[in-house]
Every structure is written in C-alpha cells, then in structure tokens.
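Read-outs: derived from the displayed coordinates by stated rules, not from any lab. Note that the structure is predicted; figures quoted are calculated from it, not measured. With ideal geometry, Cβ positions are generated from the backbone for all residues, glycine too; neighbour counts draw on all protein chains shown.
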Amino acid sequence: AQSVSQHNHHVILSEAASLELGCNYSYGGTVNLFWYVQYPGQHLQLLLKYFSGDPLVKGIKGFEAEFIKSKFSFNLRKPSVQWSDTAEYFCAVMGRPGNKLIFGAGTRLAVHP
Amino acid sequence: ETGVTQSPTHLIKTRGQQVTLRCSSQSGHNTVSWYQQALGQGPQFIFQYYREEENGRGNFPPRFSGLQFPNYSSELNVNALELDDSALYLCASSLGTSQHSNEQFFGPGTRLTVL
C-alpha cells in the first residue's frame, strides 16, 4: 500500500537550533516528493519539491531536503530555526505519472524564543 | 494572479443533512483535487476533476460527489452527513493532464462541523 510516514508528531526547539524532520514513503514506482507547511491560521504552502535531478533540494525560507532513494526517505532540514518557523509540516508523495498526493500525518513544530 | 479560493470558510450541519462546498481554481489551471483533513491528520485524497470529468478517486463512499464547471471551478457535495465527516476540506488546483497532475496549489479550506 502507498503510504507516507513522518517520524515525529511533535517537535519542540529553541531558536537557532537545527531541525531535521524525517519522512519515509512506501510506493511501488517513480515518485515526486513534496514538503508542505501550514502556518497557524494559514493554508498549506509548498516548501520544496523533488521531481528529478540533484537529490538535495533547496526550498523557501532556508529549508532543504535530501532524497535518498535507497532508503525511501525525504528528510527536511534547516540549520537554524526561527520562532516564525512554528507550524505544521507535511511530507507528501505523488506517483509519476499520477494525480493524487499522499500525505503523512504531519509534524507539529514549536520554536521557542 | 488569483490564488485558490474556497467558500464558505466555516459550516455547521447536522447529521443526515447535505452540504455543498465550493472552490475557484487558480487562473490557468485545469485540474481540481479535493482533500479531507481530519483533526490531527494529514490531508486525504477524495477525488480529482480534470476538464469537467472525475479523474481519480480515493477511498471515500459515493455520498461524496463532485462537479467541475467549464471555468474549472468545482463543487464538493456530501450527502447524508455523518459525525466523522467533520473535518477541514481542502481544494487544490493544478495544471496537468488526465495522467499526471503537476504541483498542486491549495486553498484555505472549509471547516465543516457535523453535529
């Protein structure tokens, strides 16, 4: 079955700490990978995406993610978080070709000043 | 460029009633996908409409139905509402083909509460 697993449901960090959110997927085929963010009171926004090419992908607001095909993983990283990064983060996969996003359960990140 | 909009923002219904949610897709997009996000969970794919035809469906019963109009806006209809239908309903638009959807842009969602 197709699925996405996010390792942490809740993460609490202090400002300037480094962040890594784990994401593993199960999908029998080629995939496109995504990280979405949902800030409090706002709609889902795309942080970054991987379609092909360099497995290290850079997104907005200093986020990056690395696709490791052998591990079926697409972990999200940021070297130094800010209070404004407090949000819920969703990893998602779409088969290629394909038309539906399969989301993980999300990781709620709280950054304390 | 106008983003994805949804209406209404919030809705309260009682069990057994019917509801219609609306979505206007982003300019230039021909595909609309609907997702249900229950509290504490990630969005789950309900179905997708491409050029006014249903183009893929998730694991949702037939009482969840939809429409897409010639201007690519869309409606999600839910009949015989159940308590478990309480959720945030998200619409996402994209430019794609019948085989593949490119990057999906999400609207703010409609929060449905079923009492």
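Taken over the C-alpha atoms, chain A has Rg and Dmax values of 13.5, 43 angstrom.
Near B:PHE69, once Lys and Arg are set to +1 and Asp and Glu to -1 for all other residues with Cβ below 14 Å from its Cβ, the sum equals -2. The count of lysine pairs in chain A that are at least 8 places apart or cross chains, and whose C-alpha atoms lie under 17 Å apart, stands at 7.
Distance distribution P(r), chain B, all Cα-Cα pairs, bin width 5 angstrom from 0: 2, 13, 24, 26, 19, 10, 4, 1 percent. Taking the inverse of the mean 1/r over every pair of distinct Cα atoms in the range B:65-115 gives a Kirkwood hydrodynamic radius of 12.8 Å. This ranking places A:ASP85, B:ASP84 by how few other beta-carbon atoms lie within 10 Å of each, fewest first, which gives B:ASP84, A:ASP85.
Spread over its residues, the convex hull of the C-alpha atoms of the protein assembly as shown is 125 Å³ per residue.
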